[in-house]
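Engineer: One structure is given below, represented as structure tokens, and several questions about it will come after.
Just so it is clear, none of the values below were taken in a lab; they were calculated from the coordinates. What you see is a predicted model, and the numbers here were worked out from it, not measured in a lab. Note that each Cβ is placed from the backbone with ideal geometry, even for glycine, and that neighbours are counted across all protein chains shown.
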Amino acid sequence: MIRDLASVALVLLFASVVAQAADQARRVVIYEGVTTQVAALPDATKDLWITMTDLKRATGFVVKPQGVCREQLCFPLPKDRKAEFVSKKGRVSWFNLTAFARLIKQPVAFDEKTTVWYFGPRPDVRDSYIGTLDAPNFTLPDANGKMHSLSDFKGKKVLLVTWASW
């Protein structure tokens, strides 16, 4: 009898794990220049819902009673709209990263084909570049694959040539 109960419990646990895995899809988030693969709700077409663990891993933010916070920075969530940002499905808590980006006026781009979400600089960070005219540092490969950072050319004149298909 105990062995049968243990077998049933094991089957139910396995079914629960499989069902939870089926509810999640993998997405790529680029946040502040860092690329992170995250678990996301696959049925969310307009918004990116990620786990609270992935929220911290991808952005450094955590949800606290006072809002969405990282170190000394904290953005309060509107109390009457909390369900727009936080949801619990089973034992997993989810966070709507795109709704948060809209709240703080952070630009977002999504490539449906590759399931990559890009989050641009927040206004409080973006304004600091415009105010100082200092370009943010970035690293890109040249035609031979060698990586170069803008900071490598500090004190030298640099001509940046860019192109986009849109």
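Engineer: Give me the net charge of Val38's neighbourhood, meaning all other residues with Cβ under 10 Å from the Cβ of Val38; Lys, Arg count +1, Asp, Glu -1.
Structural biologist: It works out to a net charge of +2.
Engineer: Kindly provide the pair-distance distribution of region 24-131 built from C-alpha pairs, with 10 Å bins from 0 and whole-percent values in order of increasing distance.
Structural biologist: 14, 51, 31, 5, 0
Engineer: Which lysines, on any chain, are close to Lys105 with Cα under 28 Å apart, when same-chain ones fewer than 8 places away are left out?
Structural biologist: Here the lysines satisfying the reach criterion relative to Lys105 are Lys46, Lys56, Lys64, Lys79, Lys82, Lys88, Lys89, Lys113.
Engineer: Let me ask something else. Let me spell out the model: positive unit charges on the Cβ of Lys and Arg, negative unit charges on the Cβ of Asp and Glu, origin at the Cα centre of region 38-127. What dipole size does that give, in debye rounded to 20?
Structural biologist: 300
Engineer: Sorting check: for 60-73, 86-99, 136-149, which peptide has the highest mean count of neighbouring beta carbons within 10 Å, and how do the rest follow?
Structural biologist: Highest mean packing first, the order is 86-99, 60-73, 136-149.
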